[in-house]
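The values are calculated or read from the model by the stated rules, or taken from the named source; none is laboratory data. All values reported here derive from a predicted model rather than from experimental measurement. Here Cβ is always computed from backbone atoms with ideal geometry, including for glycine, and neighbour counts include all displayed protein chains. Areas reflect the complete protein model, heavy atoms only, side chains present, ligands, DNA and RNA absent. Shrake-Rupley method; radii C 1.70, N 1.55, O 1.52, S 1.80 Å.
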Amino acid sequence: MIFRQLFDAKSSTYTYLLADEQSKTAVLIDPVFEQVNRDVALINELGLNLAYALDTHCHADHVTGSWLLKHKTNCKIASAKSIHAKNSDIGLVNGDIINFGQYELEVRATPGHTEGCLTYVCHTQKIAFTGDALLIRGCGRCDFQQGSASQLFDSIHQQIFSLSDDFQLYPGHDYSGRCSTSVSEEKQFNARLGGNASREDFVGYMNNMSLPHPKFIDIALPANVLSGKPEVLPEEPSWAPVELSYGGIYQVTSYWVANNLNKVTLLDVREPNEIAISKVQNKAVMEIPIGTLEDNIDTIPTDKPIVVLCRSGRRSALAVTMLNKSGLTNVANIKGGMLDWQEQGLPLSR
């Protein structure tokens with residue numbers, strides 16, 4: 001199984017990408033709206049086909065990226081049936097099975113934090129994704145969205161602690177830099193549930209926490225009952241068919257650049273001896289070695305978008321970052337650099 005744990009620093013949310021390495025079929029658990037471009041870039045770079053965007057519950061601290069993922073990848077949206085989310089394709093209930101290639105996730109209803117909390121369990125890998133129901137050494141609060149401390153106590157014991165002790169657990173959030181835990185650890189050390197805590201112990205703890213109102217609940221909940229569909233789509237570069245790499249760099253293909261040289265400023269950041277061997281057939285190419293770029297950014301015309309070229313696309317990616325830091329926005333890396341340009345058989349001067 002391909003497995004990636006991704007993080008949103010603003011909301012301390014974990015997003016999980018799971019995929020079958022053979023069929024390349026993937027699912028994404030708890031996507032964050034602002035991180036969708038990052039997630040799509042990773043999916044594309046790994047050559048995956050996203051089948052499902054899965055939410056563990058109706059979040060109060062961030063807007064889900066499910067609708068935007070469907071818009072970009074044509075995946076299906078799945079969330080708890082009990083939250084009645086609009087734009088969702090599948091309403092999940094306890095016992096449902098989500099298939100992706102040779103793997104499957106069992107859906108376990110774990111209400112208590114909210115009425116519609118789900119835990120996703122992959123038995124063959126002995127992993128479970130608990131959302132906000134069970135956190136590392138803690139659990140989700142129970143004082144809004146039809147939450148119930150008594151119900152959460154039952155959910156965790158019956159649906160999560162009933163898994164074998166060696167199951168690895170992956171939560172929806174962590175605020176202290178911890179990534180995962182296990183059933184065994186949480187049974188022993190969870191501050192609210194561990195060490196044979198009784199229902200009375202737990203309910204007494206949860207009902208006396210006096211927590212502040214969630215910061216983003218007034219924005220997140222209305223958006224999440226729409227599966228994250230925005231009123232207006234986020235603005236993205238329109239001057240070229242750019243794609244965002246997982247490293248956060250906008251890039252275009254050498255083929256597109258070769259056919260649109262009159263629409264862009266081409267910046268070659270290779271060394272003079274490299275350019276002498278092979279260069280793009282265009283009189284307007286700017287040649288500034290990467291080592292001197294920072295001192296010469298002001299000489300680059302900005303009347304057109306800038307595309308940056310090097311041998312392999314690595315130095316030019318750094319150049320894009322440097323140009324972005326200087327305030328230039330319509331900038332992209334030529335994917336694969338001169339090596340790809342030559343492989344495509346595109347015009348060169350020698």
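Results, tabulated for the structure shown:
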| read-out | value |
| --- | --- |
| Test: residue in the range 103-112 that is touching a Pro at 6+ places or on another chain (Cβ under 9 Å), open to solvent by 10 Å² or more (accessible area, probe 1.4 Å) and assigned to a loop (DSSP other than H, G, I, E, B) | no |
| Residue count for the range 160-186, restricted to those that are open to solvent by 40 Å² or more (accessible area, probe 1.4 Å) and not small (G, A, S) | 7 |
| Single unsatisfied condition, A80 versus (1) out of contact with any helix residue (DSSP H, G or I) (no Cβ under 8 Å at 6 or more places or on another chain); (2) surrounded by fewer than 23 Cβ atoms within 10 Å (Cβ to Cβ) | (2) |
| Residues that are within 31 Å of the chain's Cα centre (by Cα) and surrounded by fewer than 14 Cβ atoms within 10 Å (Cβ to Cβ), drawn from the range 192-218 | L211, P212, H213, K215, D218 |
| Pairs where the first residue, in the range 322-335, is free of Cβ contacts under 8 Å to residues at least 12 places away in the same chain and the second is assigned to a strand (DSSP E or B) and surrounded by 13 or more Cβ atoms within 10 Å (Cβ to Cβ), C-beta under 7 Å, 6+ apart | N324/V331 |
| Whichever residue in the range 83-98 is surrounded by fewer than 22 Cβ atoms within 10 Å (Cβ to Cβ), more than 21 Å from Q158 (Cβ to Cβ) and touching a residue at least 40 places away in the same chain (Cβ under 8 Å) and, among such residues, is nearest to the chain's Cα centre (by Cα) | N87 |
| Of all residues in the range 320-349 being out of contact with any Asp or Glu (no Cβ under 8 Å at 6 or more places or on another chain) and at positive phi, the one that is least open to solvent (accessible area, probe 1.4 Å) | G337 |
| Single unsatisfied condition, P171 versus (1) more than 23 Å from K10 (Cβ to Cβ); (2) touching a strand residue (DSSP E or B) at 6+ places or on another chain (Cβ under 7 Å) | (1) |
